[in-house]
Structures are given as structure tokens and as C-alpha cells.
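Take a look at the structure below.
The values are calculated or read from the model by the stated rules, or taken from the named source; none is laboratory data. Here the structure is a predicted model, which is why all the values come from computation and not from measurement. Note that each Cβ is placed from the backbone with ideal geometry, even for glycine, and that neighbours are counted across all protein chains shown.
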Amino acid sequence: MIKSITLTLLLTVLLVSILPAVESIPLIKTPLNYASDFAGSLKIKTISFDPSDTENSFNGTEFILFRQYLETKFPKVHATCTRTIINTYSLLFKWQGSNTSLKPIFINGHFDVVPATAAGWLTDPWNGTIMDGFIYGRGTIDNKLIVMSSLEAIEAMLTANYVPKRTIYLAFGHDEELGGNNGHKYISDYLKSQNITAEMLIDEGSPIMKENFLPGINKTTALVGINEKGYLFYNLSVTTPGGHSAMPPPETAIGIIAKAALAIETHPFPNYPLSVINSEFLNLFNETNIANVPYLSSMLKTTTAVTMFKAGIKSNVIATSATVWINHRIIAGSNVTYTLNRVRELVNDSRVQLVIDGSKEPSPISPPSAQAYKLVKKSLKKVYGDIRVVTGQMFANTDTRHYWDLTPNIYRLMPVVCSYAEFSTMHGYNEKISVDDYMKAIKFYKKLILKFQTCGQQTTAPTSYLDDSDQSDCDC
């Protein structure tokens, strides 16, 4: 019996040693073909227009065209996985695993994008241009990257006849840029109705930062977001009789509302101590770096941003009304009620009316000690090499807000290596990623899926060359 077990283990080791590593296995298309298919998705104008945009409106036809494009580019995914269309446009793919006792994992993203015009771009943002090793177009980073690369990973695995043990879901919303209330909110509600919970969910987040992305970043660094801020959006307004500018009252509507906005802006929320925030990412920087870089200093406190102002109709007419819009991002440990009460105390003027436009409490903090996080971290290191992987707070809000009840293990990351200038193209001019980065994103999702299949479960030699059999790499 002992000899039999020993022989089995020896054969397992030998088989594992002669199988090629996952990273070295050729994918099913050339890099240029992968890039071309990604570029094709960028030509489809799945735009989320702001509700205040009176000149443009939602075009559902483009979103259906995008869905049809996915059908043509990922035939095996559509033949094997169950696809559910949620609220007309959002998509949920289910790749059934063989072991139903294992909780599924979720890879989330969105395929709506913000508007773009050709002005200021090197190439038309809707052409999906491949130029000098880069793929240009609106949505390359935010967020068709995740949608296309995760589907490419599964298409390659299906081509290799890989059968997962753990079920994988791909959840893609169509209105993240507007808050996700018609996309991921509906997907989340559907999952709750099916009593589905998850082992882990990963969604968009900060990019993998190149050296010198920020002062103090001395090595390529992946920031995995384990929480995100809450928010409070509101407007303040004042109404007065107005009149001729030659006979002004002691205070005008504009003056009153400006004073209120100034009171809020000039009394920032206090910083939280680094020891309370417990961010591996912020611990990389000294106090001077943090104080002088808004990207960093914003992680220490609830922030305040005066974003819009509306008043007046003519230069010699006193405005009868004035409105200002203000945006707070609320740090973990604080809450909406405290933020709102502090605003009212600072304004302290009964003439000023406050109307809440939206609010959300800060997210729960996902544990970095969880096995799920360790597997995300190891997947990153396998694909991107000797990089630093740290936890911290996501700099903005994501659709993960709709999934807090699905799993305690929610992680946020954009699988693209960027300088700060390159990352700034997101929502700006010349949004792009390199072909090499796109290939690595595909490999990352493939590696991530495999990590969650084999760790702690595989007891025999892998049956497919796509299996990741390195048990010592799992920390299980």
C-alpha cells in the first residue's frame, strides 16, 4: 500500500514537472489577432451619457451590437456557458464547475463607457486604432479591458477542453458610469433571488503602477483595493427676489450660496491616522509625499469637492436663485449621517436649502488575511513577475457596492501596467493600453481562475495542460 502511494506521488511529480507552465502555453490567437478583436469592441459606442446631457441620449442599439459582437468572437463561451441577459442589456455568464460544494468566484466589469470626441486625440476614439504597439480607443482601460480579456481567457481554456471544479461567473453591467442601478444592481438582485453567494469577487480598481507612478513608488506596484469610500452628493440652493444690479440688496443669492460653499471647502474633514487606516499602500510613502499628492492625501480623510455652480441670466440682473453642487467621498470609519450633520453645521444658514442627490455608506473592508486575497496576490505575481502587491483603499467607487452581501472577499484591480500619465488617459484623451498589457490581462484572468480551482484540492496529476499544479504556491 505504501509503495503504491509512493509510486502515485512520484508519477504525479514527474507529470507535473514535464508539463509546460501555464504562462508558457501559447494562447489560441496571435497577439495581433487578440489586439484586433479587442479593438473591434472599442468601435461600438456603448456610451453612458450623463442625465444632464440634453443633446445626447442612451442608444440601446449599440449595446445590443456589442452583445452580438461577443457572440461572434467567443463561440465556445456562448456554447458552453449559460448566458443570462439582465434588464435588457447587462450580461451574466455562468461556467458551471464540476464540484457544486465549492462557492463560485466572480469576475466583474462593465462595457459602458464615457463619451469622447475626436478633438484632442491622436486618432479617432471610436476607430479602435492599433498604433506603435498600443490599442487606442474609449474604453481600453475603463472598462472593456476586463470584459474582453476575461472572456478571452475562458475561450482559450474551453478550447483546451478545460473543465473547472469551481463555478465561474462573469458579470458585466451596462451603466456603471451612471452608478450601475440598472445594470449590476439588477444582476445582484437576480443572484440574491437564486440564493447565490461567492468565494470571491474581483472588479475594476487601481492600475498596476509603474515605478515613479507617484513620488515614493520605487518598484512596480499593484494596489489591490480591499474597500472603497462611501459618498454624499448634494446641492445647496438659495432663492431671493433678485432685481436690478444698480440697486443691490445687502446679500445676493450668489453671495449667500458662495459663502456656504466657501465654509464647506475651507473646513476640510480631519485626517485619520495612518495606524487607523491600516493601508499597506500608504505605508510606502513618507508624510511629505502623502501631504503633497492629492491621490494619496485623499486616502486619509473624507474629501470635499465643489463641482458645479449655476446662477444668473444676465450681467446686469441680480440672480433670483443660485445652486452649487458638492461631492464628498466618505472614508471608512465615518458615515453619511456624520458628514451631513457637519455640512449643516458649517453652512448654518436657514436660507440655504440642501437636497441630497445620492449617498452610500463606505464599503466593508475585505480581509487581506483571507485565502482568496492570497490567491489574487499570487496570480498577479505569476503573471507580472517581481512586483510589489499591497492592499489599500480604492480611489473611487465601483459597482462592487451592489455585491456586499454576496461575499466578504471583494477585491478591486485594473490588470494594466500604467504610468500616472497613461492612467490619466482614462476618461480623457488618447485612452490606450499596450498590446503586451492586454495579453498579460488575459493571462492574469486565466491564472486567477486556475488558482481558485486547484489550490487545496488537487491530489492527482493534472488532466489538462492548463491545470496549475504547483501546490506549494497555494498557501492552502
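Whenever a residue of the stretch 84-102 is modelled with pLDDT under 95, it has no partner that is among the hydrophobic types (A, V, I, L, M, F, W, C) lying with C-beta atoms less than 9 angstrom away and at least six residues away or across chains. Counting residues in the stretch 340-359 that are within 30 Å of MET200 (Cβ to Cβ) and either part of a helix (DSSP H, G or I) or in contact (Cβ under 8 Å) with a residue 24 or more places away in the chain (or both) gives one or more. Could you say whether any residue in the stretch 326-337 is part of a loop (DSSP other than H, G, I, E, B) and surrounded by 13 or more Cβ atoms within 10 Å (Cβ to Cβ)? Yes, the stretch 326-337 has at least one match.
One line per residue, one yes/no per condition, for (1) out of contact with any His (no Cβ under 8 Å at 6 or more places or on another chain); (2) crowded, with 17+ Cβ neighbours inside 10 Å; (3) outside the structural domain of THR82 (by TED's automatic domain parsing):
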| position | (1), (2), (3) |
| --- | --- |
| GLU177 | no, yes, no |
| GLY183 | no, yes, no |
| ASP189 | yes, no, no |
| GLN194 | yes, no, no |
| GLY205 | yes, yes, no |
| THR239 | yes, no, yes |
| GLY243 | yes, no, yes |
| ALA246 | yes, no, yes |
| GLU251 | yes, no, yes |
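SER350 - would you say it is within 27 Å of HIS402 (Cβ to Cβ) and not charged (D, E, K, R)?
Against the criterion (within 27 Å of HIS402 (Cβ to Cβ) and not charged (D, E, K, R)), SER350 does not qualify.
Remark: TYR272 falls outside the filter, which requires a residue to be touching a Phe, Trp or Tyr at 6+ places or on another chain (Cβ under 8 Å) and either at pLDDT below 95 or buried (at least 17 other Cβ atoms within 10 Å of the Cβ) (or both).
Residues of the stretch 424-439 that are within 21 Å of LYS381 (Cα to Cα) and surrounded by fewer than 22 Cβ atoms within 10 Å (Cβ to Cβ): SER434, VAL435, ASP436, MET439. Can you name the residue in the stretch 419-451 that is on the phi < 0 side of the Ramachandran plot and part of a loop (DSSP other than H, G, I, E, B) and is also nearest to the chain's Cα centre (by Cα) among such residues? Filtering the stretch 419-451 for residues that are on the phi < 0 side of the Ramachandran plot and part of a loop (DSSP other than H, G, I, E, B), the one nearest to the chain's Cα centre (by Cα) comes out as MET426.
Of the residues making up the stretch 246-282, just one is free of Cβ contacts under 8 Å to residues at least 12 places away in the same chain and within 13 Å of SER298 (Cα to Cα), namely PRO273.
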